[in-house]
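Structure first, commentary second.
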Amino acid sequence: MTVLERQPCLTVLYLALLIKFLYEKVVSLEKEFTILIADRNRHVRELLKREMMAEGYRVRLAKNGREVLKQVYQYEPLDLLILDLDLPDAGEVAILESVEDRIPTLPVVVHTFLSDYANHPVVLSTAVFVEKKGSSIESLKKVVFEVLHSITPKSKNVSE
């Protein structure tokens, strides 16, 4: 006979805690996450917006560094930033440093063609890197899901 069988109140308590735990997991999976997509190319922004919205995310867009900082600092909180470091007026890694300095808890996924950034110390310490190439959309969607659901550490290099 187990402890739970001998003490029915423990069984009820155990079941209540299990139900609470499962409920919290389901609620966290259903949360609507807000993503800011920052890319200089309008077509890439729209493609990523369409793909992320199809996954159930709310999406906002930025075409340059000024818009990124404005949205990161002034509007409702973001859950994730997808950032191409090759933005006009952004100073490449400087935009990432600015975001990290102001809001260190905001997860950032660097999505860029420039594989030079994959080993950049700032990128490695503050962001997940997904290189833009033919099949990067699926890799990006997977990384976004993992980061938002805390499956992946804050920094990682994903180049598929």
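None of the figures in this text is laboratory data; all of them are computed from the coordinates on show. The structure presented is a predicted model; accordingly, all values stated were derived computationally and were not measured. Don't worry about glycine lacking a Cβ; one is built from the backbone with ideal geometry, like all the others, and counts go over all protein chains shown.
Couple of notes before you dig in:
- Other residues with beta-carbon under 14 Å from the beta-carbon of ILE95 carry, at +1 per Lys or Arg and -1 per Asp or Glu, a net charge of -4.
- Neighbourhood charge, 13 Å Cβ-Cβ cut-off, centred on VAL44 and excluding it, Lys, Arg +1 and Asp, Glu -1: +3
- Size descriptors for the range 31-158: radius of gyration and Dmax over Cα atoms are 12.9, 35 Å.
- Top positive-direction residue, dipole computed over the range 54-120 with Cβ charges, set ALA90, PRO104, ALA62: ALA62
- Summed residue charge, Cβ within 15 Å of LYS70's Cβ, Lys/Arg positive, Asp/Glu negative: +1
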